[in-house]
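The values are calculated or read from the model by the stated rules, or taken from the named source; none is laboratory data. Just so you know, these numbers come straight off a predicted model, no measurement behind them. Ideal geometry is used to build each Cβ from the backbone, glycine not excepted, and the neighbour counts take in all protein chains shown.
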Amino acid sequence: MHKSNLFLDETGIRKIYREAFQDDQALITSTTTMVIDTHKLGLPNCQAILLDKKRGTIFTKRSTNMLVKKFISWQNFNFVLSTFIIEELYHDHSHRHIVPFVSGNQILLPTRGYVHSPASWIVQANLIDYCCLGQNKVGLQFSKQHGPEYIIPVNSHQFTTIYANALIIAEVQTRMIEQLIADFPHKFIKGIHNKIRELFPQQLPQDINFHKITESFIDKIIEDVLQYNFSLIDEKPDEKYILQVKNAVKERQKRLR
């Protein structure tokens, strides 16, 4: 990790690229600090650079969009909840805001808009602090030993808004979980675990995956809406059409928008 305040403009990015090693299987992990978009720089075999506390500096042919999508696929929440919370917060002005990704303590902060082209992303859990250095520079601190290691050329007001929105989304998610936990005290949870293992061990649910359950729930809503709409004209949608709509919705949810 650089001890000096390295400015991540084109010159700075090219500097760390020369010091990096290639890994085309690279992924965002718990030790990643930042994913830098390089798709416009024409660097050989490089669409993105990952800064990592353990692995050092890595460049990869994978785009930042691909890396972020893969990371999101492992989390309990997809991008839909983050987007929905921002829409509820800003109502008809939600489209003006750059939505960070939040799934509990897994938070990714985009440094700018990512709808029309890939952006750079910061792993908030590894960001010790940040500071605004004028209107178009933000310092990023990933280590407690010293101040900002990196300075990024982004609008400081916009970045502060993105950071604030990430905390707001996390706060809303936390309150939702707290409301659920209130209905599931420890004694009740322990009792359920013991009873089902004692009385119905053969019916014990396997491979519980919150992400998959959420997707199935969305599928069911889509199916019910389509069935209802077609019933209004005394028709029934065929299974192929229902599947096409489900797949279209899933693809939209996977988009970084």
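Some observations on this one:
- Picking from residues in the stretch 66-81 that are buried (at least 20 other Cβ atoms within 10 Å of the Cβ) and modelled with pLDDT of 90 or more, the one that is nearest to Thr29 (Cα to Cα) is Phe71.
- Among the candidates Ile196, Ile169, the residue that is at pLDDT 85 or above, surrounded by 11 or more Cβ atoms within 10 Å (Cβ to Cβ) and farther than 23 Å from Gly104 by Cα is uniquely Ile196.
- Qualifying positions in the stretch 111-138 - among the small types (Gly, Ala, Ser) and under 19 Å from Asn165 (Cα atoms): Gly113, Ala119, Ser120, Ala125
- Check on Gln244, free of Cβ contacts under 8 Å to residues at least 24 places away in the same chain, over 30 Å from Ile86 (Cβ atoms) and loosely packed, with under 14 Cβ neighbours inside 10 Å: no
- Going through (1) over 22 Å from Glu251 (Cα atoms); (2) in contact with a Pro (Cβ under 8 Å, 6 or more places away or on another chain); (3) not β-branched (Val, Ile, Thr) one by one, Leu50 falls short only on (2).
- Test: residue in the stretch 208-220 that is among the aromatic types (Phe, Trp, Tyr), modelled with pLDDT of 85 or more, closer than 30 Å to Lys69 by Cα and not assigned by TED's automatic domain parsing to the domain that holds Val80: no
- Considering the stretch 1-110, there are no qualifying strands (runs of 3 or more DSSP E) wholly inside with 1 or more residues that are in contact (Cβ under 8 Å) with a residue 60 or more places away in the chain and at positive phi.
- One residue stands out in the stretch 96-131 among those that are over 19 Å from Asn65 (Cα atoms) and out of contact with any Lys or Arg (no Cβ under 8 Å at 6 or more places or on another chain): the one that is modelled with the lowest pLDDT, namely Arg96.
- Hey, Ile169 in contact with a strand residue (DSSP E or B) (Cβ under 9 Å, 6 or more places away or on another chain) and of a type in the set (A, V, I, L, M) or not: yes
- Restricting attention to the stretch 122-136, the residues that are surrounded by fewer than 13 Cβ atoms within 10 Å (Cβ to Cβ) and either part of a loop (DSSP other than H, G, I, E, B) or not assigned by TED's automatic domain parsing to the domain that holds Leu51 (or both) add up to 2.
- Residues in the stretch 199-230 that are surrounded by 10 or more Cβ atoms within 10 Å (Cβ to Cβ) and either more than 32 Å from the chain's Cα centre (by Cα) or on the phi > 0 side of the Ramachandran plot (or both): Gln227, Asn229, Phe230.
- Residue in the stretch 173-189 that is within 30 Å of Gly139 (Cα to Cα), out of contact with any strand residue (DSSP E or B) (no Cβ under 8 Å at 6 or more places or on another chain) and surrounded by 10 or more Cβ atoms within 10 Å (Cβ to Cβ) present: yes
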